[in-house]
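These notes concern the structure reproduced below.
The values are calculated or read from the model by the stated rules, or taken from the named source; none is laboratory data. These numbers come from a predicted model, not from an experiment. Every residue, glycine among them, receives a Cβ derived from its backbone with ideal geometry; neighbour counts consider all protein chains shown.
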Amino acid sequence: MVMRKFHLDKTNGKLAGVCSGLANYLGVDATFVRIGMVVVTLLGAFPWTLIAYGVAAWAAKPKDASAYGMESFGPARTSTRDLHLATRDIDRRMAEVETYVTNSNTGLANEIEKLR
């Protein structure tokens with residue numbers, strides 16, 4: 001099991017990188033963490049969320065420069081050719097499903113009629 005540590009992510013952060021670092025730690029999008037923090041603050045935890053944010057910004061270590069490898073840029077982009085092939089394969093499979101569903105299965109229909 002890999003132990004993850006909380007680090008500030010100042011390259012993707014808006015203010016001090018706390019929400020972005022928390023999003024990296026939890027494995028979610030930073031936008032959700034930011035929206036959640038604003039909602040919690042507005043719903044009544046006003047001074048405590050700001051105090052927690054300040055303590056986290058003060059106490060946490062920033063992510064070191066060596067950790068900003070290729071993974072910080074997101075997944076590799078696929079080419080338009082790969083996307084075309086993938087959508088063509090999906091279209092082919094959907095056509096097979098449609099043919100199977102809409103096909104008049106006379107053998108099955110005859111068996112059902114015999115049972116009546």
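Within region 59-84, the residues that satisfy the criterion of being surrounded by 10 or more Cβ atoms within 10 Å (Cβ to Cβ), in a helix (DSSP H, G or I) and at pLDDT 80 or above are LEU83, HIS84. Hey, does region 36-48 have a residue that's at pLDDT below 90, out of contact with any helix residue (DSSP H, G or I) (no Cβ under 7 Å at 6 or more places or on another chain) and in a loop (DSSP other than H, G, I, E, B)? Checking region 36-48: at least one residue is at pLDDT below 90, out of contact with any helix residue (DSSP H, G or I) (no Cβ under 7 Å at 6 or more places or on another chain) and in a loop (DSSP other than H, G, I, E, B). Based on what the data block shows, is GLU113 surrounded by 10 or more Cβ atoms within 10 Å (Cβ to Cβ), modelled with pLDDT of 80 or more and either assigned to a helix (DSSP H, G or I) or in contact with a strand residue (DSSP E or B) (Cβ under 6 Å, 6 or more places away or on another chain) (or both)? No; evaluated as a whole, the condition is false for this residue. Within region 43-57, being among the hydrophobic types (A, V, I, L, M, F, W, C) and either surrounded by 11 or more Cβ atoms within 10 Å (Cβ to Cβ) or within 17 Å of HIS7 (Cβ to Cβ) (or both) holds for ALA45, PHE46, TRP48, LEU50, ILE51, ALA52, VAL55, ALA56, ALA57.
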